[in-house]
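Nothing in this text is a laboratory measurement; each read-out follows from the coordinates by a stated rule. Remember, it's a predicted structure, so these values are computed and weren't measured experimentally. Here the Cβ is made from the backbone with ideal geometry for all residues, glycine too, and neighbour counts use every protein chain on show.
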Amino acid sequence: MTFRSTAEGWGPVTRTLHWGMLLLFVGIVSVGYYMTDLPLGPAKLKIYALHKSVGITLLALALLRVLWRLGEQRPPLPAMPAWQQRAAAASHLLLYGLMLLIPLSGWLFNSAAGFPLQWFRLVNLPALVGADPVLKTLARTVHHTGVAVLIGVVALHAAAVLKHHFIDKDVTLRQMLPSWGGGR
Ligand code: HEM
Ligand code: HEM
């Protein structure tokens, strides 16, 4: 068995990272929108700490995913017009960029706001910058806007995949699904 992607489909490492990170993204985005409206208190602080720890985990997974992807070839694209190939490549690049930008801007916001950062109460992480009100506002805007853009791009991404699967009836989705879930 090979861990890398082949002409038959995406490898098990890429498939696991793709679907595992999707689950974590759904969780962290839901928690993110929920936590900001909570009244100040210990529950809010705990949920913020969890959000940040999962966010740092996602940053590490995104770095691993990008490095892994740079070291492997993608399975061949099914036949499609050139503009669709370009749109797919551009949206994938944007998704990789947002995967890195969103947690990094969260970390930057946290640092510029002067808050401490711990990963699951196990590791103290350094501040990326000193307290800075202007950078704090900027990083917060990037964090919030990044998530909104991510939701939009993922909706388009999922719609394109479903179109390939149900209308074109090609292998795009089956190349990414786990073998026990209908993948090939
Ligand atoms: C992929 C990772 C992440 C995602 C998808 C994400 C998503 C979100 C979302 C949806 C919100 C609520 C935004 C709103 O109310 O409009 C939020 C807020 C926040 N996030 Fe993240 N986040 C991630 C990583 C991080 C990291 C790594 C940190 C810090 C180390 C962080 C710190 C914060 C903070 C402090 C807020 C509250 C901002 C405020 O008060 O307005 N996030 N995040
Ligand atoms: C229901 C949601 C989703 C579905 C159905 C889905 C499905 C797929 C499928 C079938 C592929 C393979 C496409 C191809 O062979 O060109 C793919 C690739 C990809 N997906 Fe998703 N995905 C979803 C959500 C996400 C999310 C949340 C992210 C990131 C935040 C993401 C990031 C990517 C990236 C970056 C690729 C390109 C891989 C590469 O070419 O390196 N996907 N997705």
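Residues satisfying the criterion are present in segment 54-70 (criterion: of a type outside the set (A, V, I, L, M, F, W, C), within 16 Å of ligand 1 (Cβ to nearest atom) and farther than 25 Å from residue 174 by Cα). Among the residues of segment 40-51, is any under 23 Å from residue 120 (Cβ atoms), in contact with a Lys or Arg (Cβ under 7 Å, 6 or more places away or on another chain) and within 16 Å of ligand 1 (Cβ to nearest atom)? Looking through segment 40-51, none of the residues is under 23 Å from residue 120 (Cβ atoms), in contact with a Lys or Arg (Cβ under 7 Å, 6 or more places away or on another chain) and within 16 Å of ligand 1 (Cβ to nearest atom).
Please state which one of 59, 67, 94 is touching a residue at least 24 places away in the same chain (Cβ under 8 Å), more than 21 Å from residue 36 (Cβ to Cβ) and under 16 Å from the mean Cα position of the chain (by Cα).
None of the others qualify; the one that does is 94.
The listed residues are 182, 146, and the only one of them that is without any contact (Cβ under 8 Å) to a residue 60 or more places away in the chain and within 18 Å of the chain's Cα centre (by Cα) turns out to be 146. Return yes or no: is residue 53 of a type outside the set (Lys, Arg) and touching a strand residue (DSSP E or B) at 6+ places or on another chain (Cβ under 8 Å)? Judged against the criteria, residue 53 is a match.
Are any of the residues in segment 135-155 in contact with a helix residue (DSSP H, G or I) (Cβ under 7 Å, 6 or more places away or on another chain), of a type in the set (S, T, N, Q) and surrounded by fewer than 16 Cβ atoms within 10 Å (Cβ to Cβ)? Within segment 135-155, none of the residues are in contact with a helix residue (DSSP H, G or I) (Cβ under 7 Å, 6 or more places away or on another chain), of a type in the set (S, T, N, Q) and surrounded by fewer than 16 Cβ atoms within 10 Å (Cβ to Cβ).
Going through (1) free of Cβ contacts under 8 Å to residues at least 60 places away in the same chain; (2) within 11 Å of ligand 1 (Cβ to nearest atom) one by one, residue 130 falls short only on (2).
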